[in-house]
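One structure is given here, and the rest of the page talks about it.
Since every read-out is calculated from the coordinates, none of them should be taken as a lab result. All of these numbers come straight from a predicted model, not from anything done at the bench. FYI the Cβ positions are ideal-geometry reconstructions off the backbone, even for glycines, and counts take in every protein chain you see.
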Amino acid sequence: MQEGAINRAVQDIFKAKKTIVLTGAGISVESGIPDFRSEQGLWSKYDPEEYAHIDAFRAQPEKVWVMLKEMMGLIVKAKPNPAHRGLALLEEMGLLSSVITQNVDGLHQDAGSKKVIEFHGTHRILSCLNCGLKREISMFSLQQLPPKCPNCKTLLKPDVIFFGEPIPKEAYAMAYYETQSCDLVLVIGTSAAVLPAADIPRLAKAYGATVAEINLEETSLTRQVSDYIILGPCTTTIPEIVEMVKAQRE
Ligand code: APR
């Protein structure tokens, strides 16, 4: 069954004038960064209401930094995996227009993807909610976390989008332009549980695009929006697709 879906994805990539990708935490799990809603996901350990809402950060930044520090510790050690690298190769072959990612780990860029739209921000920049100062996280060691603003001593916040915060304007605009102008979207490693990111496949479909999911299991999109799903770990399925695309191009 998977071979059929994989072959279909290869043909769709060749047929498409413009292919985009929407990725979620599932693409980075095999790089050592847990996702959120699977069995061992981050939200099984930390209640998102208490650790991932902007009001929680404003009320108790030290407490939220306990979870942030754990995530940062995993992100700094993480390396791109064959799924990230496969998408970078597709872009290099001129067969992928952009990656819209909900992830903040920077692994798509590390894998060589050039056009990456960080829909939920990035862990790499820290901002002061009090005086607006910004700093690269690379200026701090893990021991110095949580980092204080050198200006006003307030605890800095990573530029990741917490629940209750708006999507960065430029990322939103670019993502919606890509979504409305593509004719294939590969939805990889996301439960499609969080809006507005989860709207992207629906919107692409409404604009006539084919929607193909790559996931370990079905999601809320599978029977309502997706044209088909490729079940299996993306570090296996994506390289398989890319190898077949490469072979067909030669
Ligand atoms: N290969 C393919 N899919 C995988 C793999 C894998 N190796 N491992 C996990 N998955 C799938 C899971 O089956 C699940 O559908 O990845 C998805 C991860 O879903 P979530 O944990 O909900 O992560 P995500 O969809 O990225 O969450 C969206 O929610 O908490 C917020 O801001 C956070 O960006 C995040 C958003």
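For residue 63 and residue 202, compute 0.36 nm times the residue count separating them, minus their Cα-Cα distance, and round to one decimal in nm.
46.4 nm
Run the reach check for residue 205 against lysines, Cα to Cα strictly under 21 Å, same-chain hits fewer than 8 apart removed. What comes back?
Here the lysines satisfying the reach criterion relative to residue 205 are 15, 17, 18.
Going highest first, how would you order 111-123, 181-193, 152-164 by mean Cβ packing within 10 Å?
Numbers: 111-123: 20.0, 181-193: 22.5, 152-164: 17.8.
Packing proxy ranking, top to bottom: 181-193, 111-123, 152-164.
Straight distance only, please: which lysines reach the Cα of residue 45 with their own Cα at less than 16 Å, same-chain residues fewer than 8 apart left out?
63, 69
Where the only charges are on Cβ atoms (+1 Lys, Arg; -1 Asp, Glu), what is the dipole of the chain about its Cα centre, to the nearest 20 debye?
The calculated dipole for the chain is roughly 720 debye.
Would you pull out the residues with amide H under 5 Å of residue 210's amide H, same chain only if 5 or more places away, H placed 1.01 Å from N?
For residue 210, whose amide H was placed from the backbone, the distant partners under 5 Å are 184, 185.
Rounded to the nearest whole Å³, what is the per residue volume of the convex hull around the Cα atoms of the stretch 1-136?
So the per-residue Cα hull volume is 131 Å³.
For the chain, modelled as a GNM with alpha-carbon contacts under 10 angstrom, which of 89, 22, 195 fluctuates the most?
Most flexible of the set in this elastic network: 195.
Roughly how many nanometres apart are two label points built 7 Å out from the Cα toward the Cβ at residue 247 and residue 38?
Taking the simple label geometry, residue 247 and residue 38 are separated by 2.7 nm.
Tell me what the chain gives for mean residue ellipticity at 222 nm when only DSSP H runs of n ≥ 4 count, each as -39,500 (n - 2.57), the sum divided by the residue total, rounded to 500 deg cm²/dmol.
Calculated mean residue ellipticity at 222 nm is -11000 deg cm²/dmol.
With an 8 Å Cα cut-off and a minimum separation of 6 or more residues, compute the relative contact order for the stretch 39-167 in percent.
On the way: 169 pairs, mean separation 29.5, N = 129.
Relative contact order, the stretch 39-167: 23 percent.
Could you work out Rg/(2.2 N^0.38 Å) for the chain, with Rg from alpha carbons only? It would help to have the intermediate numbers written out before the result.
Values: Rg = 18.4 Å, N = 250, 2.2 N^0.38 = 17.9 Å.
Ratio of Cα Rg to 2.2 N^0.38 Å: 1.03.
Evaluate the relative contact order of the chain (contact order divided by residue number), counting alpha-carbon pairs under 8 angstrom at least 6 apart; express in whole percent.
Averaging sequence separation for qualifying contacts and normalising by length gives 24 percent for the chain.
Taking all pairs of distinct Cα atoms, average 1/r, flip it, and tell me the Kirkwood hydrodynamic radius of the stretch 159-250 in Å to one decimal place.
About 14.5 Å for the stretch 159-250.
Under 12 Å from the Cα of residue 157, which aspartates and glutamates turn up, not counting those fewer than eight places away in the same chain?
Output for residue 157: 62, 136.
Mind telling me which of 125, 229, 214 comes out most flexible in a GNM of the chain, alpha-carbon contacts under 10 Å?
Per the Cα network of the chain with a 10 Å cutoff, 125 tops the list.
With a ≥ b ≥ c the root eigenvalues of the C-alpha gyration tensor of the stretch 67-192, is it rounded (a/c under 1.5), prolate (a/b larger than b/c) or oblate?
Prolate, since a/c reaches 1.5 and a/b exceeds b/c.
With both partners inside the chain, how many of the DSSP beta bridges are antiparallel, as a percent to the nearest 5?
25
Taking amide hydrogens as modeled 1.01 Å from N in the peptide plane, which residues meet the under 5 Å criterion relative to residue 230, leaving out close sequence neighbours?
Amide H to amide H, under 5 Å and 5 or more residues apart or across chains, residue 230 pairs with 213, 214, 215.
Over the stretch 1-67, with a single point scatterer placed on each C-alpha, what log10 of the ratio I(q)/I(0) does the Debye formula yield at q = 0.15, 0.17, 0.18, 0.19 1/Å?
These q points yield log10 I(q)/I(0) values of -0.69, -0.77, -0.81, -0.84.
DSSP loop trypsin sites (Lys or Arg not before Pro) in the stretch 38-88 with at most 14 other Cβ atoms within 10 Å of their Cβ, which ones?
Taking the stretch 38-88 and a limit of 14 other Cβ atoms within 10 Å, the loop trypsin sites (Lys or Arg not before Pro) found are 45.
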